[in-house]
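Down below is the structure, laid out as structure tokens.
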Amino acid sequence: MAAEVKPLTHVPVVDELEEDRHNELMFDPRPREEMNHMVMEAMTTTTRRYWIAVGILGALVLVLFLGLWGNQIFTGLGLTSKRRPMFWTFYITTFVFWIGISHAGTFVSAILRVFKAEFRRPFTRAAELMTTFGLAAGALFPLIHMGRVWDFYWMIPYPNQRWLWPNFRSPLVWDFLAITTYLLSSTIYLYLPLIPDLAMARDRTTGWRHSLYKTLALGWRGTEAEWHRIKRAMTIFAFAIIPVMFSVHTIVSWDFAVTYVEGWHSTIFGPYFIVGAIFSGVSAVVTILFIIRSTMKNMKYFIRAEHFDALGKLILIFSFTWSYFFFNDYLLEWYGGDQVAKQLLTFHATGPEAWIWYTMLVCNIVIPWLTLWNKKFRRTPLAIFIVTLLINVGMYFERLTIIPFSLRTQRSPFDWGSELRPQFTDLGIVIGSFCLFIFLYLVMSRLIPLVPVWEIQEGQTAHQLRKIGKAKVKSVTELD
Amino acid sequence: MADTIAKKWGMVIDLDVCTGCNACVTACAMENNIPTTGEDEVAYGRGMYWIYIQRYWNGLGGTNVKPTHQPMMCQQCSNAPCEPVCPVFASVHSETENINLQVYNRCVGTRYCANNCPYHARAFNWFDYNLPVPMDKYLNPSVTVRGRGVAEKCTFCIQRIRSAQDKAKAEGRAMVDGDVVPACGQACPSDAIVFGDLSDPNSRVSQASLSERRFRVYEELSTDPSIYYLKGGGKYGS
């Protein structure tokens, strides 16, 4: 018997590692001052194209979003596509969509921070910013969809002369409280890791920027004691915000799950909505990272193929999970044998808007499953960018299927609605909300350092190649 | 004066004698200042009704097809789905009278109640429906005119209940069966709609609700409606 000796694992030769090293941000360190300079340059450089985009988006927000909304307030909700029995249509759909998008920031920065996933470092802030602005855009929709928005404060629980108290049995009040909590905590969570970077920016700017950062940096000097406190605060917030994030979309799903509406009252809606939210949110992170990388200066150093690769794997896992919940929900309703539910599912798949249902399945299941398993594909930014855009189209269609199309075909056949016709007002406001989100993001990307320099430096310090015998092995030092 | 207040109002609709003539719909609209939204809006699904006739066709085609009619309105559920979902208590329950009240002044227009109603009994004011000048004299002064952005529904003609109570009180007597007739019941030419006090076992409505033809719509949802229907089709005796 001829014995053949094989190494147990593939030990990379040194050359290979040297090449590999430059592909990974953590093993490609640069001096702190150079990184500071790169981030500052990215923040302060504004091209002509940038101003044109800001101008157009600002005008669209004014006209489409605020103009149409104002017109709708003074005329009535009849301007939208709503009608009996579809009392909720595009506004609530878009609301759920934005709340879903806003889950990515917390997921990427809090959960990945808690689990010490190293690839998160360069884009935690980009994701947190998405959370805040996604919530800002989403939280406006419950107001937009109200018949008498001028009385919205009646939902706020405070002692008042009217002797009125909100109905705490109503999911809309839970919603209101959950979203307010999430908005506040995610804004604080965006702000805390920003303080060291604001101080960095303060020391390198003059004029109005200097005074702005001076105020916002709260006199940060970078002493050991300050670092100790801010890290503790961040850890506390990271752990505290995770349950808040899970609760928010669960509560949003209860808006539907606690009702009598067939197709809505499903006990699985809580986790189903959360998985959908993270799925669409992480996809939106990739979309935004691609845009940041291709439009802002120096970003190709910070955001690399490895990050798209890691996020692509996450998206694929969430696509699997989402499909599980989707078919679970579907199967239980079908197996329940309820005639109304059966009719509803048949309408989803064969009704006049069946193409929406099939597009959802293709975008959320077929496309990610066929493409994202491939490492080369995941590492091609443009390719994964297109996939993530499609996923969000699919997720929007999913909410559309759940909300107006379930309302349309309920128990009494006499009251079945006909097809949903989007009107200028609701389409305009929905598009306007996208413009609002991009507008806020664009403006903010030039106001705050979009890359957390200290977090990258921390990671680069911790990562090193160690020599074990002749082999070089990648290692991470535990910092905390 | 407890006997003028503690009532469980209810209604019985006999589908065997309902002809689907829509007189109740018209009478309801006149009594309760329900706006006429126009042909286009109605075709789009924005007609305002507190009561409407659901028409179903029986039979599979040919000459054997027969229509059946089922007047549908707020079922005044004892366990109403519209009530817990309203964030501002605009949809509230009168425990003593077992009526679902809708407080227009308090409504902020989330339309959650309308989504959650299995009977689709609620209407929403999509616009301000102002009547042209001479026609505004038609408005019933006892009923609030609703503005845009407010949900509304059948109230069991609560203004008639109140005025009957006031009248009985002024005459110093207890209310008797037949004192209150809602607009739909008054207009019904075949007397298919009977209204009265379900807590009084001798009232006409209580007697009618004991018929073996009785059923309540979507009773399996345990909303416990106050409106009983008597099954049509002429297969049973009354």
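The values are calculated or read from the model by the stated rules, or taken from the named source; none is laboratory data. What you see is a predicted model, and the numbers here were worked out from it, not measured in a lab. Don't worry about glycine lacking a Cβ; one is built from the backbone with ideal geometry, like all the others, and counts go over all protein chains shown.
A few notes on this one:
- Test set (1) in contact with a His (Cβ under 6 Å, 6 or more places away or on another chain); (2) more than 30 Å from residue A:325 (Cβ to Cβ) - residue A:415 fails condition number: (2)
- Candidate set from region B:3-27 (those that are among the acidic types (Asp, Glu) and over 18 Å from the mean Cα position of the chain (by Cα)); member that is nearest to the other protein chains (Cβ to nearest Cβ): B:16
- Single condition residue A:229 does not satisfy, out of (1) crowded, with 18+ Cβ neighbours inside 10 Å; (2) over 21 Å from residue A:104 (Cβ atoms): (1)
- Residue A:450 at pLDDT 95 or above and out of contact with any Pro (no Cβ under 9 Å at 6 or more places or on another chain): no
- Cross-chain or 6+ apart pairs with Cβ under 6 Å, region A:127-144 first and of a type in the set (D, E, K, R), then at pLDDT 90 or above: A:128/A:190
- Criterion (at pLDDT 90 or above, among the polar types (S, T, N, Q) and surrounded by 22 or more Cβ atoms within 10 Å (Cβ to Cβ)) met by exactly one of A:106, A:131, A:187, A:181: A:131
- Strands (runs of 3 or more DSSP E) wholly inside region B:54-170 containing at least 3 residues that are within 11 Å of chain A (Cβ to nearest Cβ) and either touching an Asp or Glu at 6+ places or on another chain (Cβ under 6 Å) or closer than 25 Å to residue A:75 by Cα (or both): none
- Only listed residue being part of a loop (DSSP other than H, G, I, E, B), surrounded by fewer than 18 Cβ atoms within 10 Å (Cβ to Cβ) and either more than 14 Å from every other protein chain (Cβ to nearest Cβ) or in contact (Cβ under 8 Å) with a residue 40 or more places away in the chain (or both), chosen from A:373, A:355: A:373
- Restricting region A:256-273 to residues that are in a helix (DSSP H, G or I) and more than 14 Å from chain B (Cβ to nearest Cβ), the residue that is farthest from residue A:408 (Cα to Cα): A:271
- Of note, residue B:30 does not satisfy the criterion of being modelled with pLDDT of 90 or more, farther than 28 Å from residue A:166 by Cα and within 14 Å of chain A (Cβ to nearest Cβ).
- Flag for residue A:105 being outside any loop (DSSP other than H, G, I, E, B) and facing chain B (nearest Cβ under 8 Å): no
- Neighbours by Cβ (under 7 Å, 6+ apart or cross-chain): first from region B:150-171, of a type in the set (Gly, Ala, Ser); second surrounded by fewer than 18 Cβ atoms within 10 Å (Cβ to Cβ): B:168/B:4; B:168/B:174
- Taking the criterion of being touching a residue at least 40 places away in the same chain (Cβ under 8 Å), over 23 Å from the mean Cα position of the chain (by Cα) and over 12 Å from residue A:81 (Cβ atoms), the residues of region A:408-434 that qualify are A:409, A:410, A:411, A:415, A:416.
- Positions within region A:61-91 being surrounded by fewer than 20 Cβ atoms within 10 Å (Cβ to Cβ) and more than 10 Å from chain B (Cβ to nearest Cβ), in sequence order: A:62, A:63, A:66, A:67, A:69, A:70, A:71
- Scan of region A:406-432 for residues that are within 13 Å of chain B (Cβ to nearest Cβ), part of a helix (DSSP H, G or I) and aromatic (Phe, Trp, Tyr), ordered by number: A:414
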